[in-house]
Each structure stands twice: as C-alpha cells, then as structure tokens.
Amino acid sequence: MATMESLIGLVNRIQRACTVLGDYGGDSALPTLWEALPSVVVVGGQSSGKSSVLESIVGRDFLPRGSGIVTRRPLVLQLQKTEQGLQEYAEFLHMPKKRVTDFSMVRKEIQDETDRVTGKSKQISPVPIHLSIFSPNVVNLTLIDLPGLTKVAIEGQPESIVQDIENMVRSYVEKPNCIILAITPANQDIATSDAIKIAREVDPTGERTFGVLTKLDLMDKGTNALEVLEGRSYRLQHPWVGIVNRSQADINKNVDMIAARQREREFFATSPDYGHLSSKMGSEYLAKLLSKHLESVIKARIPGIASLINRSIDELEAELDHLGRPVAIDAGAQLYTILELCRVFDQIFKEHLDGGRPGGDRIYGVFDYQLPAALKKLPLDRYLSLQNVRKVISEADGYQPHLIAPEQGYRRLIDGALNYFRGPADASVDAVHFILKELVRRSIAETQELKRFPTLQAEIAAAASEALERFREDSKKTTLRLVEMESSYLTVDFFRRLPQEAEKGGNSVASSADRYTEGHFRRIASNIFSYIGMVSETLKNTIPKAVVHCQVREAKRSLLNHFYTQVGRKEVPNN
C-alpha cells in the first residue's frame, strides 16, 4: 500500500497535470478528473485570519496583506514535501520552470498577477492563480484560498460583489469532493460566522467540514472558546482546531514562522483553559490532520480515481491517434511533414473551388448576379441627360462649332461614361478576394492534420493571405486595363453604321441648322447610350475572365509557392 505522502503527492501531481493540459472547459475527461480529486478549500470572512492560517501551515510568510479585500482571485496552493536539506522554492503555473526562492517575491508576484487580471482596483476574478511550494517542512496538501466573504460593498466595489464572492465560494464548496476549512475568529459569535453558515448549507451533516478557530489569544479576559472547541456549541464530524496567529506587531517585526509556531505551542501548553487540548491544537496539528484525512479520502476513492485516469488516458491516446504520428526530429523529415500538411490543405482548398466542397459557387454568383446588377445601376441616364450632353458637346466645340459630327464631344462623353465601369470592376475583384480568403480559413479549419500545429496554421494563413493580396492587385490592374482599352480605341464600325441606319429609317443626317436643337442632342445621347450598352455587354464577359485568370486560377496554381520557397531556404543545411 502506498504511503500517505506518496498518495497525496500523486494526487497533487495529477491535479497539476490536469491544469497544465487545460482541464478547465476542455472536452476530455480531465475536468471530471480534476473534480474527482479531493482538495481543501479555505473559507472565511474578511480579516478572519485565513492568510495567517495558510502561512502557518506552509511555515512561510508569502501572502499579500492589507486592510479590506486582499485575496481577489482564487489561489490554488499545492504543497509538495521534499527531502530534508533541499532548498525551499515556489513555482507559478504562469511562470513555468522558474523557481522562486525569495518568498517576498512570491508575495509580490501574487499581487502583480492579481492586478494583471483585475487591475489595481477592488474587483474580484474567478480566474485562479496556481502556486506550488516545494519544501521539506510541509505536508503534501492542496489548499485553495478564496476571497473573504463580506456583507457590504465598500467604495470602489460594485454592489454585486457580496453575491459575487458568495457565488464563487459556493462553486468550490458545493463539489462533493471538496473538504471545507471553515475559518472563524474566536472573538466572534459562532452563530454569525459566514464560513460556518455556508458550510452548513452545502454540508449539513458536517462530514466535509473542518472548523478552525483563530485569534484565541485575542479573546476578552475571563472568556474562552471551549464550548466550540469541544464540540458542544456547534458539532462537526471532525474536531475543531484552535489557532494562534501572529500578531500585527510580530508581522511588522518580521518574526519568522518557526518562532511563531513555538509561541503557539507554548500558548496552548501553558493555557489553563486549553492545556488539556494542547496536543490537538495549533497550525502544525491542523496540517497533519488535513493531510491524514486527505489520505483516507483518497484511499476510499482510489478505484473511481483510477477509472477516471484510465478513461482520460484512453481519450488522450485516441486524440493522439487522430492527430497522427509523432513529428520527426531531423530537419529533412520535418520539412517533408510541413510540405505534406501544406499539400493536404491545398487539396482541400482546390476542392472548395472545383465543387467537391461548398464555397466555389459563390464566385460564380459574383459574375452572374453581383456584376450585372452593378452595371445596371450605373447612373448613365443622369450622365447622358440632355443638359449634360449639351454642356459637354458645347465645351468640346470651343469657339468653332463642329462641321459635320461633334467627334470630340462624342469622345468626351464616351470617356466619361466608361469611367463609371471602374467601380463594378473593382467590386468584382474585391468580392472574389474575400471569398478566396474565407475559403482559405475554412480549408485550414478542415485540415485535421493541422490542428496540432497552431503556429503552422498561422504561417499558412499569413502566406495565403499575402499571395491573395498579390493576386488581387494583378486582377485590379487587368480589369481596369480592360476598361481603359475600351476608352483608348472606340469601335469605329458602330459609328459608321449610324448614318446608314438613319437614312434607312427615313431620317437624313442633321443639317447645320439643327445641330444645336434638342432633337440633335437627344440623338447624340441615344447613340452614346447604345454604344455604352454594347461595351457593357463586352465587359460583363471579359471582367469575369480577367478575375478568374488573375485570382482563382493563380490561387489554384501557386497559393503557397512563396511559402514553399521560404521554408526551403530555412531548411537548407550549411555546408
């Protein structure tokens, strides 16, 4: 049978592993495993002496002190007994592999880490701080210190803080595997104890509750706490333990814990009231009592804990099998793994475009619906209004009227109308760009083999995004060039046919007399509108061709080419 220290030490290591593996909110059995492992939760009102009790158990002065609410985040404290002669040190979970041997720095880091989450205010947070202390002077134990219960909100605190703290405490003590360490000052009526009140509600039989009376040395002369300590005032399944804390004067004088424990032993041994209980009083006895109780609880629950551990192992192994084989160590094999993962991603991306997976059809929607709709909405009616046509034609003629047809006016009107096509061309490019970016994001998420390589995911996403930006720029240049080409050289045959069509319709070419009449300008507007309509039909077909050629086709062909080049350069060995 395993010894008490090895059993509790094993549980401490399992709890730490659960935390490191992200048990909070995980999908595996780890959260259940954490809750199945017993731990001691310290509960008490503000200024009840919780910090002093914890420091007495540890034998070190390491907790922040002050007036009002000092503990503003849960502190998960794991004590690990080491061999005699080894140096004491502390480790924070958020500072992995960094040993802290100066316990005044432990106090400072607890305060700083609290402020990082809550700010320098009196707010509280349920996010725990995880601290492990390794020392030959402690017993293996897991203690959780919580903010002190309070009855009123002070300045700088929200009105809800009273209920917030109680809800936080309840979230811990309601768990059936939680051992409640209820701290109550001896100079306070036990009937008004916040800790006993909440412990009685969640543990009415008292099977999980250990009562602790602090500040026994501060009681009024002629009074004592024997009614409570002997279980006559409020009975629990476990014996009450009295504690004598260090006084504020002792703390100010930096009286060490060894001397404080010696004074505590002397107080109980020489007290006429508590002398007969001295062997079962004090912080050292409390630590041993809790450790022994933890041992019995763990032994009773070993079968269930073992079952949960095995289930967690099975789930983790299944997840490892799903994620794939271990990554090779040598550079060449790692390069092969990276390229293979990129190939799988690239194949999924192409399936989205080619129709094997959803998403590519949205690109067709841009060409079939969005672009035609945008072309129809161009404000050509307003641009080719009678007033604007007259203005442009007159300005183009200058001081000499046109002789036969206002060619310069025609060209200016056509150039102005064609400028409107730049917007729909740009919008088509951008719409396809955003669809491609979304398909990249979706393809990365659907590449199961990439899930265990978040850094590689980010690198692929960045490389793909950079490539898509280059494709977009090329596409914009090409589509705008299509519009500019229509302005650069007009379709002459269209305008040569206009006089012939007019004669066939019985309308002769306008004489010099009616060149500035309303009918003349209307014919010009109609002619240009017809020409722009022809150009619009052309661009409606050529813009999609340019976009697909510059963006979609290139994304299929060379999305990660630049990334492959960079990776290859990094992996070239030095000769």
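Number of residues in region 421-430 that are crowded, with 18+ Cβ neighbours inside 10 Å and either among the hydrophobic types (A, V, I, L, M, F, W, C) or not in a helix (DSSP H, G or I) (or both): the value is 3.
Looking at region 391-400, is at least one residue open to solvent by 60 Å² or more (accessible area, probe 1.4 Å), in a loop (DSSP other than H, G, I, E, B) and without any contact (Cβ under 8 Å) to a residue 40 or more places away in the chain? Within region 391-400, one or more residues are open to solvent by 60 Å² or more (accessible area, probe 1.4 Å), in a loop (DSSP other than H, G, I, E, B) and without any contact (Cβ under 8 Å) to a residue 40 or more places away in the chain.
Look at ILE133 and say whether it is farther than 22 Å from SER160 by Cβ, assigned to a strand (DSSP E or B), over 28 Å from the mean Cα position of the chain (by Cα) and β-branched (Val, Ile, Thr). Yes, satisfied.
Among the listed residues GLY222, GLY231, GLY206, identify the single one that is without any contact (Cβ under 8 Å) to a residue 12 or more places away in the chain and open to solvent by less than 70 Å² (accessible area, probe 1.4 Å). Quick ask: steps written out before the conclusion?
On the way: GLY222 fails: open to solvent by less than 70 Å² (accessible area, probe 1.4 Å); GLY206 fails: without any contact (Cβ under 8 Å) to a residue 12 or more places away in the chain.
Answer to the selection: GLY231.
Screening PRO272 against (1) within 25 Å of LEU54 (Cα to Cα); (2) loosely packed, with under 13 Cβ neighbours inside 10 Å; (3) modelled with pLDDT of 90 or more leaves a single unmet condition, (1).
Could you please find all residues in region 117-130 being within 23 Å of the chain's Cα centre (by Cα) and either over 14 Å from THR71 (Cα atoms) or in a loop (DSSP other than H, G, I, E, B) (or both)?
So in region 117-130, the residues within 23 Å of the chain's Cα centre (by Cα) come out as 117-120, 123-130.
Passing the criteria: GLY119, LYS120, GLN123, ILE124, SER125, PRO126, VAL127, PRO128.
Residues in region 140-194 that are in contact (Cβ under 8 Å) with a residue 60 or more places away in the chain, assigned to a loop (DSSP other than H, G, I, E, B), among the hydrophobic types (A, V, I, L, M, F, W, C) and surrounded by fewer than 23 Cβ atoms within 10 Å (Cβ to Cβ): ILE154 alone. Among the residues making up region 463-482, those that are surrounded by 19 or more Cβ atoms within 10 Å (Cβ to Cβ) and among the aliphatic types (A, V, I, L, M) are ALA463, ALA464, ALA467, LEU468. Remark: pairs (first residue in region 115-133, without any contact (Cβ under 8 Å) to a residue 24 or more places away in the chain and on the phi > 0 side of the Ramachandran plot; second residue part of a loop (DSSP other than H, G, I, E, B) and open to solvent by 20 Å² or more (accessible area, probe 1.4 Å); Cβ separation under 9 Å; 6+ apart in sequence or on different chains) are absent.
Flag not set for LEU386, criterion: within 45 Å of the chain's Cα centre (by Cα), open to solvent by less than 60 Å² (accessible area, probe 1.4 Å) and not acidic (Asp, Glu). Which residues, taken from region 354-366, are open to solvent by less than 30 Å² (accessible area, probe 1.4 Å), assigned to a helix (DSSP H, G or I) and touching a residue at least 12 places away in the same chain (Cβ under 8 Å)? Within region 354-366, ILE363, VAL366 qualify. The set of residues from region 62-109 being outside any strand (DSSP E or B), surrounded by 13 or more Cβ atoms within 10 Å (Cβ to Cβ) and acidic (Asp, Glu) comprises GLU88, GLU109.
The values are calculated or read from the model by the stated rules, or taken from the named source; none is laboratory data. Predicted model only: the values in this text are computed from it and were never measured. Here the Cβ is made from the backbone with ideal geometry for all residues, glycine too, and neighbour counts use every protein chain on show. Heads up: the accessible areas ignore ligands, DNA and RNA and are worked out on the full protein's heavy atoms, side chains in. Shrake-Rupley method; radii C 1.70, N 1.55, O 1.52, S 1.80 Å.
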